[in-house]
1. Below 14 angstrom from the Cβ of Arg43, what's the summed charge of the other residues (Lys, Arg +1; Asp, Glu -1)?
2. Sorting Glu182, Glu156 on the 10 Å Cβ count, fewest up front, what's the list?
3. Below 8 Å between Cα atoms, with a sequence gap of 6+, how large is the relative contact order for region 51-198 in percent?
4. Can you classify the chain as rounded, prolate or oblate using the Cα gyration tensor, where a ≥ b ≥ c are the square roots of its eigenvalues, rounded means a/c under 1.5, and otherwise it's prolate if a/b beats b/c and oblate if not?
5. In a shell of Cβ-Cβ distance under 12 Å around Leu84, excluding Leu84 itself, what net charge do Lys and Arg (+1) and Asp and Glu (-1) give?
6. May I ask you to sort Arg170, Arg177 by Cβ crowding, counting other Cβ atoms within 10 Å and putting the fewest first?
7. For each pair in Lys126/Lys190; Lys88/Lys190; Lys19/Lys88; Lys28/Lys200, compute the distance between the two Cα atoms and list the pairs where it is over 29 Å.
8. Hey, fewest Cβ within 10 Å first, where do Ser115, Ser83 land in order?
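Nothing in this text is a laboratory measurement; each read-out follows from the coordinates by a stated rule. On a predicted model such as this, the values are computed, not experimentally measured, just so you know. Using ideal geometry, Cβ is built from the backbone for each residue, glycine included, and neighbour counts are taken over all protein chains shown.
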Amino acid sequence: MAGASLALSWPGRLWAEGKRRILPGHLKATDLAHLNPQSVDNRNLAITPLEDFGTMGQTDLAVDSAKWRLVVDGAVEHPLSLSLAELKARPVVERTVLLICPGVFSFNARWTGLSLGALLRQARPKDEANRVTIRSVGKQWPKVEHFSLREALSDEVFLAYQVNGWELPRKHGFPLRVVAGEHYGDEWVKYVARITVSAKGKKG
């Protein structure tokens, strides 16, 4: 128990000092579930094979990509409704990002997708806007997470439709999921369907 406490306090202290610990390449990404994602640099880590990924939340939602649309609405001048083909035609964002589900699992993957910031700039958030709410497909148990508009516009959060060169598998959020390297994995919304811009404190 004492060792676990030390492991948690070390990355937390680094983050407080505005630093990131560069993880050595011999570490296995799948052994890093005790770390704080804001405190580590994953540049040296090997890519985790897809079959070694962990999963959380809903994993069996079947989405018909021919009918699916990504909606951007709320406090914007130009609401959007885009197909998967239209999203894939946009400039590509590709990054290796470590996903950490605290105390449960972790994996390091190459995510391919599109800029959330560019999407929002196209929609033109209104002056009072300061928050982005991302919702999954599904009426019974939709996943909902909030991010600051600043973070979304700076592309610290982006949207992925591929992982490790493969189309997102169903259990990992096909057709679109959030990639948010500064956040724990339970905030990486899968099966993304709607992005709503709002002012904090208002329904969004």
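1. Taking every Cβ under 14 Å from that of Arg43, the sum is +3.
2. In order of increasing Cβ crowding within 10 Å: Glu182, Glu156.
3. 30
4. Because a/c hits 1.5 or more and a/b exceeds b/c, the chain counts as prolate.
5. In short, +1.
6. With the fewest neighbours first, Arg170, Arg177 line up as Arg170, Arg177.
7. Lys19/Lys88; Lys28/Lys200
8. Ser83, Ser115
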